[in-house]
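Worksheet: the structure to be examined is printed underneath.
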């Protein structure tokens with residue numbers, strides 16, 4: 001399942017990403033914001049998505065969209081099992097999957113066009129983890145740090 005969330009700064013881009021997901025047969029759930037509201041707070045929506053992804057981090061994926069993409073990424077990485085990457089282009093999306101097995105991407109509602117966002121989402125969803133020994137070793141180190149520090 002793909003979980004998607006945005007604050008007001010990412011709302012319009014989220015609507016475009018949802019159209020892309022629907023048009024390409026992806027199953028997703030929108031966890032908010034469900035209407036633009038400048039009084040909303042990105043941590044609320046980042047947490048909703050990260051919580052759902054964290055339930056089955058090898059199966060679920062998340063797409064977060066806020067103004068800069070940074071805040072949502074910070075929130076998502078507070079959840080056990082979540083590996084969120086802030087990405088601004090296709091190459092970063094590809095590497096986040098191949099090398100880091102990212103299960104959440106955070107993208108910018110301020111900096112990305114709909115076309116670039118669709119390309120990033122496509123790359124993120126279609127790229128597989130490489131499974132190379134060096135990347136597995138590094139991910140195990142991340143899991144160890146997570147176990148020791150996230151309570």
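The numbers here are math on the coordinates, done by the rules we state, and not lab data. Everything quoted here is computed from the prediction, not taken from an experiment. Note that each Cβ is placed from the backbone with ideal geometry, even for glycine, and that neighbours are counted across all protein chains shown.
Could you check, for the range 83-93, whether at least one of its residues is within 23 Å of residue 149 (Cα to Cα), out of contact with any helix residue (DSSP H, G or I) (no Cβ under 6 Å at 6 or more places or on another chain) and part of a loop (DSSP other than H, G, I, E, B)?
Yes; the residues of the range 83-93 include at least one that is within 23 Å of residue 149 (Cα to Cα), out of contact with any helix residue (DSSP H, G or I) (no Cβ under 6 Å at 6 or more places or on another chain) and part of a loop (DSSP other than H, G, I, E, B).
Just the residues that are surrounded by 14 or more Cβ atoms within 10 Å (Cβ to Cβ), over 13 Å from the mean Cα position of the chain (by Cα) and part of a loop (DSSP other than H, G, I, E, B), please, taken from the range 2-40.
Residues satisfying the conditions are 7, 26, 32, 33, 36, 40.
Restricting attention to the range 46-60, does a residue exist that is over 25 Å from residue 128 (Cα atoms) and more than 12 Å from the chain's Cα centre (by Cα)?
No, every residue in the range 46-60 fails to be over 25 Å from residue 128 (Cα atoms) and more than 12 Å from the chain's Cα centre (by Cα).
Identify, please: which residue in the range 123-138 is assigned to a helix (DSSP H, G or I) and surrounded by 16 or more Cβ atoms within 10 Å (Cβ to Cβ) and is, among those, farthest from the chain's Cα centre (by Cα)?
Filtering the range 123-138 for residues that are assigned to a helix (DSSP H, G or I) and surrounded by 16 or more Cβ atoms within 10 Å (Cβ to Cβ), the one farthest from the chain's Cα centre (by Cα) comes out as 123.
Just to be sure, is residue 102 part of a loop (DSSP other than H, G, I, E, B), farther than 21 Å from residue 16 by Cα and under 13 Å from the mean Cα position of the chain (by Cα)?
yes
Search the range 45-61 for residues being closer than 15 Å to residue 71 by Cα and touching a helix residue (DSSP H, G or I) at 6+ places or on another chain (Cβ under 9 Å), and hand back the single one that is surrounded by the fewest Cβ atoms within 10 Å (Cβ to Cβ).
Once the filter is applied, the top-ranked residue is 47.
Only one residue in 141, 111 is exposed (fewer than 15 other Cβ atoms within 10 Å of the Cβ) and in a loop (DSSP other than H, G, I, E, B). Which one?
Testing whether each residue is exposed (fewer than 15 other Cβ atoms within 10 Å of the Cβ) and in a loop (DSSP other than H, G, I, E, B) leaves just 111.
Anything in the range 28-58 that is in contact with a strand residue (DSSP E or B) (Cβ under 8 Å, 6 or more places away or on another chain) and under 15 Å from residue 73 (Cβ atoms)? List them, or say none.
42, 45, 46, 48, 49, 50, 53 - these are the residues of the range 28-58 that are in contact with a strand residue (DSSP E or B) (Cβ under 8 Å, 6 or more places away or on another chain) and under 15 Å from residue 73 (Cβ atoms).
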